[in-house]
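The structure appears right after this line, and notes come after that.
The values are calculated or read from the model by the stated rules, or taken from the named source; none is laboratory data. Owing to the predicted nature of the structure, the values given are computational and were not obtained by experimental measurement. For neighbour counting, all protein chains shown are included, and Cβ atoms are generated from backbone atoms with ideal geometry for every residue, glycine included. The area values use the complete protein model at the heavy-atom level, side chains included, leaving out ligands, DNA and RNA. Shrake-Rupley method; radii C 1.70, N 1.55, O 1.52, S 1.80 Å.
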Amino acid sequence: MTLSNNPSALVLVEQDASGFSLINLKVMGAIERLREFVDLQVDLLVVGKDCAAVAEKAARIPGIRNLLVADGDSVEHQLPETLAPWLANLASDYGYVFVGATTFGKDLLPRVAALMDIQPITDVIAIDSGCEFTRPVYAGSALARLRTEQPIKLLSIRASAFSAVELAESSAPITPIAVPQAQNMSRFIGLQQVQTERPDLTAARVIVSGGRGLQARENFQLLYQLADKLGGAVGASRAAVDSGFAANNLQVGQTGKVVAPEVYFAIGLSGAVQHIAGMRDSRVVVAINKDPDAPIFQVADYGLVADLFDALPELIAQL
Amino acid sequence: MKILVPIKRVVDPGVRVRPLADGSGMDIANAKMSINPFCEIAVEEAIRLKEQRLANEGVTTEIVVVSIGAQSTQEQLRSALALGADRALHIATDASLEPLAIAKVLHAVVRQEQPRLILLGKQSIDGDHNQTGQMLAALCGYPQGTFASRIEYKGEEIWVTRELDGGLQTLALKLPAVVTTDLRLNQPRFPTMPNIMKARQKALAVIPLADLDLDLQARLQTLGLDSPKLRQQGVIVKSVAELVDKLRQEAKVL
Ligand SMILES: Cc1cc2nc3c(=O)[nH]c(=O)nc-3n(C[C@H](O)[C@H](O)[C@H](O)COP(=O)(O)OP(=O)(O)OC[C@H]3O[C@@H](n4cnc5c(N)ncnc54)[C@H](O)[C@@H]3O)c2cc1C
Ligand SMILES: Nc1ncnc2c1ncn2[C@@H]1O[C@H](COP(=O)(O)O)[C@@H](O)[C@H]1O
């Protein structure tokens, strides 16, 4: 095993509607694992407009050398055209650069990588040494073990594969740094944020997912009722999203979100490979489907062959 | 106007695949192959833009599809021509290239072709990388609109609505630009018989990869491909009451 000759890491802190995204704690979980192989110095980078609150929270991540904060107008919408060249420059001082494998990380990291002439490793689900990483391919039908000798390793981390670190009371030193100049290749027009009281899909302990079998948007209320009883989040298959039963950002699967809750309820969905790719690491899987041959039963710990319109109200009543 | 659509030949999404026993690759020798579904959506979107611009502004658009791969990738290029692309480029190589290398090849094609818009899939369903479009945008110095579920062409700009983890974001990109497609952008059409016939007459140029003279050396070494841990098939319960009981007493999750 060759260690990176620069044992320092830069973590790009992600922000979401709540401010400090929980993905950051999972990325730190991955870094804890890497620390078993490399004696790492870790810096965090918070970039955005008016991000003092996020920075304050990020500073409470344990084991940090320095928290860099770039706060200003040019980075308000974190456009990749503006961030990438600046990040490529910052990143050149580090041996590792980490982001979450979220839409934010997926948009930005490859752009930075190309500017640095580096092939990143995305969707990392296991760290096998300081230079060996595992990522799923073919919708999780295979796990590729990869090795890289590149002096700077750019990695995106799958939240479902690592455990979150806990925030501490202590606080890392904060260093303000200059924001990049806006590139003005694109303009922000708007963001339609999904407002929800429910836990985020990727952080939820319980997920209740529905498929085409729900038949209509109104019927998704049954899933919400069950989720509310269990303090869970609601997910959906692609067919359910395409049919307009649920919002796009609830899609679980190869091309949607990858989740690993304590309990995953799969209701009225068949269990296509592409769906299973997004939930196979759940601890306990419950399937309710009226077709005994539905493939979802092959991955379910508990299966109930029933009409969901009978079973769901009964289940809700019994909890 | 010219639209460039890079497409990839992949194992059909309906085929179940697994790694070879020795982990040296995937067991796909005789698998059915298709255009990567996201690339098909990109081809469809290019055709729709072309149709709209012709109807609304009388502007003609040329759609060029390009694929990097072995001889067999010409099947997918012909399929794209049958859907409505005008011309195809086959960058011929038997090597399997990483996203950075693919982006470099496409960058060379962009320099040659000078398209106004480059539409790619957001992700290839074999490697699941989700990298090439962003890398190509970086190499070209163009703006990027990734994971598009809606595209509106507005003269000097293109408006792209993006599917993000937390909702939908709309950006206006200056042209030329790179856009990558998400599943909900459109529903691709099926080719018609006359169009399949016509596609045979359309130009398909073959360019050997070596002619491009690029440094495409692999940066990653694949040590092996493992099968994921299979989930144990569990039990079938007979009633909701039994399910609740198991979840409480056995799994202890409620
Ligand atoms: C490129 C690509 C990417 C994809 N990405 C994803 C992805 O990320 N996520 C995803 O989910 N899919 C994805 N898909 C789609 C996937 O292949 C399947 O088509 C989809 O998951 C099917 O959704 P479904 O199970 O809800 O619908 P169906 O397969 O139609 O299943 C419906 C199920 O409901 C059951 N049912 C019907 N009525 C009842 C009832 N009254 N009571 C109980 N059960 C009932 C039926 O028995 C059936 O099993 C992708 C496909 C492609 C090609
Ligand atoms: N070999 C290839 N030839 C042409 N286009 C490709 C190739 N590989 C990837 N692409 C394009 O890049 C997109 C994203 O692929 P990837 O980054 O591999 O997930 C695909 O949907 C294609 O549009």
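Figures for the structure shown
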item: Structure-based [θ]222 nm, chain B - -39500 (n - 2.57) summed over DSSP H runs of at least 4, per residue, nearest 500; result: -8000 deg cm²/dmol
item: Trypsin sites (Lys or Arg not before Pro) restricted to DSSP loop in region B:209-254 with at most 11 other C-beta within 10 Å; result: B:Lys229, B:Lys238, B:Lys252
item: Highest average packing first - A:221-229, A:157-165, Cβ atoms within 10 Å; result: A:157-165, A:221-229
item: Contact order relative to length of region A:96-250, as percent, for alpha carbon pairs under 8 angstrom and 6 or more apart; result: 17 percent
item: Sites matching trypsin sites (Lys or Arg not before Pro) across region B:79-144 that sit in DSSP coil, with at most 16 neighbouring C-beta atoms within 10 Å; result: B:Arg116
item: Per residue solvent-accessible surface (Å²) - chain A, probe of 1.4 Å; result: 38 Å²
item: Antiparallel DSSP beta bridges within the protein assembly as shown, as percent of all bridges there, nearest 5; result: 35 percent
item: Highest-fluctuation residue, B:Leu97, B:Leu243, B:Leu173 considered, GNM on chain B with Cα pairs under 10 Å; result: B:Leu243
item: Relative frequency of Cα-Cα separations exceeding 33 Å in chain A, percent; result: 31 percent
item: Projected-area average for region B:2-227 over all orientations - Cα convex hull basis, square nanometres; result: 13.3 nm²
item: Average partner coverage of B:236-242, which counts Cβ from other chains inside 10 Å; result: 6
item: Accessible surface, region B:2-227, averaged per residue in Å² (probe 1.4 Å); result: 42 Å²
item: Accessible area buried between chains B and A, both sides summed, probe 1.4 Å, in Å² to nearest 100; result: 7100 Å²
item: Members of B:Lys8/B:Lys104; A:Lys229/A:Lys257; B:Lys154/B:Lys198; B:Lys2/B:Lys202 lying beyond 19 Å, as alpha-carbon distances in this model show; result: A:Lys229/A:Lys257; B:Lys154/B:Lys198
item: Residue-averaged beta-carbon neighbours from other chains (10 angstrom radius) around A:258-267; result: 1
item: C-alpha center-to-center spacing [region B:29-92, region B:138-216] in angstrom; result: 10 Å
item: Chain B, relative contact order in percent, only Cα pairs under 8 angstrom and at least six apart counted; result: 23 percent
item: Protection proxy ranking of A:131-139, B:154-162, B:13-21 - average other beta-carbon atoms within 10 Å, highest first; result: A:131-139, B:154-162, B:13-21
item: Region A:61-84 versus region A:259-319: alpha-carbon centroid distance in Å; result: 40 Å
item: Percent of Cα-Cα distances greater than 18 Å, calculated over region A:1-112; result: 47 percent
item: Most to least accessible of B:His90, B:His129 (protein chains only, probe 1.4 Å); result: B:His129, B:His90
item: Those residues of region B:191-228 whose amide nitrogen sits under 12 Å from the label point placed on A:Ser129, 7 Å along Cα→Cβ; result: B:223
item: Considering only region B:2-227, percent of DSSP beta bridges that pair antiparallel, nearest 5; result: 40 percent
item: Contact order normalised by residue count of region B:138-254, Cα under 8 Å, 6+ apart, percent; result: 18 percent
item: Averaged over B:176-189, number of beta-carbon atoms from partner chains that fall within 10 Å; result: 2
item: Among B:Gly166, B:Gly141, B:Gly23: highest mean-square fluctuation, GNM of chain B, C-alpha pairs under 10 Å; result: B:Gly166
